[in-house]
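Chemist: Take a look at this one; I'll ask things after.
The values are calculated or read from the model by the stated rules, or taken from the named source; none is laboratory data. From a predicted model like this one, the values you see are computed outputs, not experimental measurements. Glycine also receives a Cβ, built like all others from the backbone with ideal geometry; neighbour counts cover every protein chain displayed.
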Amino acid sequence: MKREFRLKKRAAFTYVYKRGERSRSRHLTLLFARSGEGLKIGLSVSRKVGNAVTRNHVKRLLREALTPLTAAIDPAFMYVIVVHPSAAELDFASVCAETEKIFRRAEKLREA
């Protein structure tokens, strides 16, 4: 995922949490709300997931799983992906599958 697509501001995260809709899977939760800035994606990995090394590893896997999807994701929204503790045991292929599944469930992927 390119840096230009990252959601960084606390106010933007709060907006998505309060006004956004949800789509859940076993290991991830996707929250999304309308955006005036274009496509923005934020990651939320709490301490419940593990220590700093584990949290950073999960974030790296998620960012890499999002890279091929960014062209197909609906750019009119801001997204926050909340990671559940069970996601720490997933491998890269599973993270990719889960990520695509939550976007499809929320109907936010455009068909190529």
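Chemist: So the check is Cβ under 9 Å with 6+ separation or different chains; which pairs have a first residue in segment 96-112 that's charged (D, E, K, R) and a second one that's at pLDDT below 90 and outside any loop (DSSP other than H, G, I, E, B)?
Modeler: Going by the 9 Å Cβ cut-off, the qualifying pairs are Glu100/Leu109.
Chemist: Could I ask something else about it? Among the residues of segment 19-48 satisfying the criterion of being among the basic types (Lys, Arg) and closer than 20 Å to Ile102 by Cβ, which is surrounded by the most Cβ atoms within 10 Å (Cβ to Cβ)?
Modeler: My answer is Lys40.
Chemist: Do you know which of the residues in segment 69-83 that are of a type in the set (A, V, I, L, M) and not in a loop (DSSP other than H, G, I, E, B) is nearest to the chain's Cα centre (by Cα)?
Modeler: Out of the qualifying residues, it is Ile81.
Chemist: How many residues does segment 61-105 contain that are surrounded by 20 or more Cβ atoms within 10 Å (Cβ to Cβ) and of a type in the set (Gly, Ala, Ser)?
Modeler: Counting residues in segment 61-105 that are surrounded by 20 or more Cβ atoms within 10 Å (Cβ to Cβ) and of a type in the set (Gly, Ala, Ser) gives 2.
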